[in-house]
Every structure is written in C-alpha cells, then in structure tokens.
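Just so it is clear, none of the values below were taken in a lab; they were calculated from the coordinates. Keep in mind that what you see is a predicted model, and the values were worked out from it rather than measured. For neighbour counting, all protein chains shown are included, and Cβ atoms are generated from backbone atoms with ideal geometry for every residue, glycine included.
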Amino acid sequence: MAEARPPVEFVRQVRDALTHLFDAAHLQHHPLLQYLVPSAVADPRARAQALRELLLQAINDLRPPAGVSPLDPAYRPYAILQHKYAEGFPSEEIQRKLAISRRQFYREQYRACDAVAGILWERRLPKAEPVPAAERALDEELDEMSLRSQPFSLRETVQQAIAAVLPLAASHGIELELQPGPSATAYADEAVSRQLAISILSTLVKQGLAKRLWLSVDEAPALGSERWASFTVGGVSSQAGYADLRQRLEALSGMARRIGGQLDLAHLESQGKIGLRLPSSREQVVAIVDDNAKTLRLFQRYLEPYRYRLLLIQDGGAALSQIAASRPDAVVLDVMMHGTDGWQILQSLKADPATASIPVIVCSVLNEQELASAIGADSYLRKPVSQLALVQALATLLRQR
C-alpha cells in the first residue's frame, strides 16, 4: 500500500530535480530515476528526458480546470511551478504576475513542490523502496537544524574526527594516519561536516576491512565557480565485505548533499578509497544585465547547475545602482539595450573605483570585441552564447580574482 505522504528525502529530491529541470547532465544520474524511470530505459539521455517529462506532467496536473482565473489562489501552485521551473521566470517577476508577496510566493512554492512530490510518489515504480526509517530520521533532524555555511579548516575538522574515532579504532586494532598536506578551506556547515567525517571513519573501522587507514586533505578547482576541499580515506583491504560497506556509506550520501558536498565511492572496490568533497568557496554572485527577458532566463538556466547566486537585471537604467549596491563577483553585460546601453554601463563601471575591479563579460551579436576591450571589458562573447562558453568565461575570470 502506498504511503499517505512521500518520505522527506523523496520530496527533497523532487525539489532538486525541479531546480535542475533542464540540466540533462544532472538528471542523468539523479536519485529519482530509481523511483520513476524503468531500468529498461538504458540510455542516460533518454532517462534524463523521461524524468523531465514526468516532472513537467506532474506540474501540469496541478493546473485547475478551465475558467479559473490566473489570479485565483487555486491557480497559484501550478502557475508558480510552471513559470519558475518550466519557463525559467525569476521569482520576483512571478510575484508581480500573481500579485503576491515574497513570503506568500515561497510558502506557495514550498506547498506546490510537496504536491508534485505527492503526485510522483503515487506514480513510482512498483519495486521502488521507501527511504529507510533511519535515513528519514536523520533527514528530519537536519531539517530542524539551522544549517550555516561558513569557511573552516577541513584539516582541523578531520583531526577532530580522528580524535573522536581513535578509541574505537584502537579497540579494533586499526591505525589512523593523517598525511601531511594543505589546510584546505571548506565552505559548508562545519558541525555536519565534522559528523560526516566521524561517521565515515566509524563505519570503516567497524567494518574491519583494514589494519591501517590513511587520510588526506586536499583542494582542487572544478568547472564553473565550484572549488572543492577534498577528504580521502584509503587503505581499505580488497576482500569480502565491500557490498555491505558500500551500502552503509551510501546511506551517508544524503547528509553530504545537504551541505553541498559529494560522497565519492567510485574507487572503493578498485583502489580501496573513499572520498568526500565539500565546497571550498562561498556562492559567487553574478549580475546578468540584459533587457531581453528570454536571454535572462536562458543564462539563468545555463548557470543554475553551478554555485552562482544570480542577480538578474532587465532595466539598464537601474544596472549601475544595483551593481554598486550588491558588488557582484562578475557582470555579464548586453550592449544593445533601450535607455542606458551596455557601453554606457561598462564605461561607468570601469570609471568608478568602487566597481572598476569587477570583471565584465560583454555578450553581443555585434563584432565589437576590440571596442569592448578598449573600454575595459575583461571578456567578450558573441551571441548566441553556449552554456559551455559562458561557464568557461566566468570560471576563467573568477579564478584570476
């Protein structure tokens, strides 16, 4: 018999999938696939497409009957999800369209996502198993915590985890050795990160698949604005017991995802290694200035899979004041705009000492790269701009800051 309400983790997975609705790479390996897409659909791209269609259909199922006004409260759940996820409208624009406050918007959005999760839970595959009770309890506890992302030394956190697990390791005759290396600053919830490291070490020790576990802390850049602080544990022996160990470690994946991290078990069987990656930088703010709403939504979809916080500016006349107030890490700027155009904005940004150091990427259908460089643009992209070109241009400029 189906549960009256879907598990908390399932609801969270639905919200995550909606946020990445048009990110095929993200959906190809999404945990919702096991619940909703038959394994007979083997091609990763086809699986991502099938999941996207199921999500869109669930949104459409919220649509009220014909005759209900778009301003009617009964219309809001459908309108909010359709505008935000299917059409890519900014939250502020949806609030204006529906004549609701910011608080109302987020409350209605939360409920609408719950409704979509309920629809999909009823349509899950017959063999899909609910999230185990222990994982649900952990998830609910994390829900009640006020998670706080802040910079901290991952090496010091790992040292604290080792100190906590050391008595258990000694009782099992297992040595824990932290190898020399960089401090590696992580940017996540420190308390949850520490508990995650403790749980990984405790799980490995209790499985008894090694006499000595080596640990390392490092940092490595990744595509986009993402930079990672990594924690690796190696030395797990190649013997029976991997299947049970993998299952126990995979139960910790949800905790890692909650703080923006990733648990890497790809090399468990082949190399006896487990990895944990945590963000090592805050979300970087990118201002996108373009009077074309479709371009704003397109660039928003391009950048949503990465750790950017986006400031969408459709009014060129308001761009300078908003950029000065928010001090973004980068600006993506169109040039042909009504009123104040991009050239004027670029000149003003570079003439003001307070904003002169902010890197600017000019995007235009015009072939004016030399002019843009002369005024002070840091990069130039010809429209139409691909996702890869925009992501790489931002990554290059932000790494140079």
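How far, in nm, would the chain grow between VAL68 and LYS97 when pulled straight, counting 0.36 nm per residue and subtracting the alpha carbon separation? If you can, show how the numbers build up before the last one.
Details: separation 29, 0.36 × 29 = 10.44 nm, distance 1.56 nm.
8.9 nm is the gain from fully extending VAL68 to LYS97.
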Helix 293-303 sits off the longest principal axis of the Cα atoms of the chain, rounded to the nearest 10 on a 0 to 90 degree scale, by 20
Longest principal axis of the chain (C-alpha) makes with the long axis of helix 44-60 (C-alpha) an angle, in degrees to the nearest 10, of 70
Heads up, segment 284-400 by the C-alpha gyration tensor (a ≥ b ≥ c square roots of eigenvalues; a/c under 1.5 rounded, else a/b over b/c prolate, else oblate) looks rounded
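At a 10 angstrom cut-off on C-beta neighbours, averaged per residue, how do the peptides 378-385, 102-109, 68-75 rank from highest to lowest? Before the final figure, lay out the partial values.
Details: 378-385: 16.5, 102-109: 14.8, 68-75: 12.1.
Highest mean packing first, the order is 378-385, 102-109, 68-75.
Using only the Cα atoms of segment 284-343, build the gyration tensor, take square roots of its eigenvalues as a ≥ b ≥ c, and label the shape rounded, prolate or oblate: rounded if a/c is under 1.5, else prolate if a/b is larger than b/c, else oblate.
Values: a/c = 2.42, a/b = 1.28, b/c = 1.88.
Note, shape of segment 284-343 comes out oblate.
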Extension length gain for ALA293 and ASP61 (0.36 nm per residue less Cα distance), in nm, is 80.9 nm
Amide H proximity to ARG212 below 5 Å, modelled H, separation 5+ or other chain, gives GLU175
Whole-Hz Karplus couplings 3J(HN,Hα) for segment 333-346, θ = phi - 60° and coefficients 6.51, -1.76, 1.60, Gly and Pro as x, run 10, 7, 10, 8, 9, 5, x, 6, 8, x, 5, 5, 5, 4
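Rounded to the nearest 0.05, what FRET efficiency do ALA318 and SER386 have when you use their Cβ-Cβ distance and R0 = 30 Å?
Numbers: r = 28 Å, r/R0 = 0.93.
In this case the efficiency is close to 0.60.
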Percent antiparallel among DSSP beta bridges confined to the chain, rounded to 5, stands at 50
Taking Cα atoms, the helix 8-19 axis meets the longest principal axis of the chain at an angle in degrees (rounded to 10) of 30
Ranked output for segments 118-126, 187-195 by mean other Cβ atoms within 10 Å, highest leading, reads 187-195, 118-126
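For the chain, how many pairs of lysine residues have a Cα-Cα distance under 24 Å, where the two are 8 or more positions apart or belong to different chains?
Numbers: LYS84/LYS97; LYS84/LYS294; LYS97/LYS294; LYS206/LYS273; LYS211/LYS273; LYS294/LYS383; LYS350/LYS383.
Count of close lysine pairs: 7.
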Whole-Hz Karplus couplings 3J(HN,Hα) for segment 20-26, θ = phi - 60° and coefficients 6.51, -1.76, 1.60, Gly and Pro as x, run 10, 4, 10, 9, 4, 4, 6
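Which shape class, rounded, prolate or oblate, goes with the chain when its Cα gyration tensor gives a ≥ b ≥ c as root eigenvalues, a/c under 1.5 marks rounded, and past that a/b bigger than b/c marks prolate? Intermediate results must be reported in sequence, preceding the final value.
Numbers: a/c = 2.24, a/b = 1.32, b/c = 1.70.
Cα axes put the chain in the oblate bin.
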The ³J(HN,Hα) series, computed from each phi in segment 311-317 with the Karplus coefficients 6.51, -1.76 and 1.60 at θ = phi - 60°, rounded to the nearest Hz and given as x for glycine or proline, is 10, 9, 10, 9, 9, x, x
Amide H neighbours of LEU178 at under 5 Å, excluding residues fewer than 5 places away on the same chain, with H built from the backbone geometry, are LEU215
Residues meeting the amide H criterion for TRP228 (H placed from the backbone, H to H distance under 5 Å, 5 or more places apart or on another chain) are ALA220, ALA222, SER280
Computed over the chain, the relative contact order (Cα-Cα under 8 Å, seq sep at least six) in percent reads 11
Quick calc: nm separation of the 7 Å Cα→Cβ label points for LEU265 and GLU175 -> 2.8
